[in-house]
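Data first, discussion second: the structure below is written as structure tokens.
The values are calculated or read from the model by the stated rules, or taken from the named source; none is laboratory data. No experiment lies behind these values; they were computed from the predicted model shown. Cβ placement follows ideal geometry from the backbone for every residue including glycine, while neighbour counts extend to all protein chains displayed.
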Amino acid sequence: MSLSDDSLMIPHAAEERGRPTVREVAQLAGVSIGTVSRVVNEIPNVSPAVRAKVREAIGILGWKPSTVAQNMRGQASRMIGFIFSDLENPLYASMIKGAEDVLTQAGYLLVVGSSNDRPEQECSLIELFGQRQADGLIFTITDENHAEVLDSLARARFPVVMLERDVNVATAGAVTANHYEGTLSATRHLLDLGHLRIALVSGGRHNRVGRDRLRGFTDAYRERGLTPSPSLLRIDERIAEDAFGLRQTQILLSLPQPPTAILALGRHLLRGVLSACRARGVRIPQDLSLITTNDSELAELVQPAVTVIRYSAYELGREAALLLLQRLERRNDWHFSSIQVPTKLVLRQSCARI
């Protein structure tokens, strides 16, 4: 697209005011300041058409980038980005604290950003950290298969460590809790107590945590030559909604053959499960055994206290930071590596024998 004749008058006005600015280049080219920066710094994720517009505007205005800024390009910023999905999830606060303790000691600044479960916001944050010359990124992607987010990660010029997720990106390592073993142990415990109709209320198959939990659940049944009832698998991507646990428990308790035990595996679920049981007059553990995950004050203080699959969110953040530092030391060797944080079944009073 050619520039209008009126645009050619801008350099004269700029000369009267003094040295042209990057903002004027962006306005003349019809792009953001960040896009001008990417063109000047020869970052590849700019289309040829946009790149041509920016260079034409630079030529018209006679703008020259700051020598200081150019000299800084490529230097380490000593900054690490952390993108997480849910501001209301206290697990992320613990993960951030674990990562910060490691990175601060190593001389890095941790900068966090919330995507609010929006892939477009994740793309924007990845781009922003790239513009700010971040040295690396810790990331909890919302949808592991989102093409635009994966493309943004693939183009990033820094190493990435995924928290509780799997992605097919060569530069990404992974740190996760061992949700498979945790769910396997919890399901075995309920089967040992004589429960055959066990309900699984959990996140869906589009992230590693949900897949590992479902695999642990079904494998525990398979060990004993059994198959779980499909009607008791309440798996959904909307697990983050507070009402999900309440709604699914109401459905389960209304079945002709309701479950005798529930595995409520998600931070948002326990309150809804307990509310549904109270409304129906279902007693725990006399009428229904219950196991949850992500230990909380509610699980510990409610009567009876709820058995949990416990793991340390702080350790997840800490291990992610340590893995990222290792990858920063080997900038030309970013092969995939994975670390698992152990889980532990903490027995309390919410489970009883049939």
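Checked against (1) outside any helix (DSSP H, G or I); (2) under 30 Å from Val39 (Cα atoms), Asp86 passes all but condition (2). Taking the numbered list (1) surrounded by fewer than 23 Cβ atoms within 10 Å (Cβ to Cβ); (2) within 28 Å of Val167 (Cβ to Cβ); (3) in contact with a Ser or Thr (Cβ under 7 Å, 6 or more places away or on another chain) in turn, Arg197 passes all entries but (2).
Scanning the stretch 162-211 for residues that are outside any strand (DSSP E or B) and aliphatic (A, V, I, L, M) gives Val167, Val169, Ala170, Leu184, Ala186, Leu190, Leu191, Leu193, Leu196, Val209.
Conditions (1) at pLDDT 95 or above; (2) within 28 Å of Ile141 (Cα to Cα), marked per residue:
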| residue | (1), (2) |
| --- | --- |
| Arg215 | yes, yes |
| Thr218 | yes, yes |
| Glu223 | yes, no |
| Ala240 | no, yes |
| Phe244 | no, yes |
| Leu253 | yes, no |
| Leu270 | no, yes |
| Ile284 | yes, no |
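Checking each residue of the stretch 314-330 against the condition of being outside the structural domain of Ala186 (by TED's automatic domain parsing), more than 23 Å from Thr140 (Cβ to Cβ) and either of a type outside the set (A, V, I, L, M) or at pLDDT below 95 (or both) gives at least one match. For the stretch 144-194, the set of residues classified as surrounded by 17 or more Cβ atoms within 10 Å (Cβ to Cβ), within 28 Å of Ser229 (Cβ to Cβ) and without any contact (Cβ under 8 Å) to a residue 24 or more places away in the chain is empty.
Filtering the stretch 118-154 to residues that are outside any loop (DSSP other than H, G, I, E, B) and in contact with a Phe, Trp or Tyr (Cβ under 7 Å, 6 or more places away or on another chain) leaves Gly136, Leu137, Ile138. Identify all residues within the stretch 99-129 that are buried (at least 21 other Cβ atoms within 10 Å of the Cβ), small (Gly, Ala, Ser) and in contact (Cβ under 8 Å) with a residue 60 or more places away in the chain; write none if there are none. Scanning the stretch 99-129 gives a single hit, Ala99.
So that you can scan it fast, the table gives a plain yes or no per residue for (1) touching a His at 6+ places or on another chain (Cβ under 9 Å); (2) outside the structural domain of Arg318 (by TED's automatic domain parsing); (3) at pLDDT 85 or above; (4) of a type in the set (A, V, I, L, M, F, W, C):
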residue: Lys97; (1), (2), (3), (4): no, no, yes, no
residue: Gln105; (1), (2), (3), (4): no, no, yes, no
residue: Tyr108; (1), (2), (3), (4): no, no, yes, no
residue: Gly113; (1), (2), (3), (4): no, no, yes, no
residue: Glu120; (1), (2), (3), (4): no, no, yes, no
residue: Gly136; (1), (2), (3), (4): no, no, yes, no
residue: Ser152; (1), (2), (3), (4): no, no, yes, no
residue: Glu164; (1), (2), (3), (4): yes, no, yes, no
residue: Val169; (1), (2), (3), (4): no, no, no, yes
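Taken over the stretch 138-157, the residue count meeting the criterion of being out of contact with any strand residue (DSSP E or B) (no Cβ under 6 Å at 6 or more places or on another chain) and of a type in the set (Ser, Thr, Tyr) is 2. Does the stretch 278-309 hold any residues that are surrounded by 15 or more Cβ atoms within 10 Å (Cβ to Cβ), over 22 Å from Ala93 (Cβ atoms) and in contact (Cβ under 8 Å) with a residue 40 or more places away in the chain, and which are they? Hits for the stretch 278-309 are Ile284, Pro285, Ser289, Leu290, Ile291, Pro304, Ala305, Thr307. Might you let me know whether the stretch 212-231 holds any residue that is under 24 Å from the mean Cα position of the chain (by Cα), without any contact (Cβ under 8 Å) to a residue 60 or more places away in the chain and surrounded by fewer than 17 Cβ atoms within 10 Å (Cβ to Cβ)? Yes - at least one qualifying residue is present in the stretch 212-231. Hey, any hits in the stretch 319-328 for a residue that's farther than 18 Å from Leu269 by Cα, of a type in the set (Lys, Arg) and either in contact (Cβ under 8 Å) with a residue 24 or more places away in the chain or surrounded by fewer than 13 Cβ atoms within 10 Å (Cβ to Cβ) (or both)? Among the residues of the stretch 319-328, at least one is farther than 18 Å from Leu269 by Cα, of a type in the set (Lys, Arg) and either in contact (Cβ under 8 Å) with a residue 24 or more places away in the chain or surrounded by fewer than 13 Cβ atoms within 10 Å (Cβ to Cβ) (or both), which makes the answer yes.
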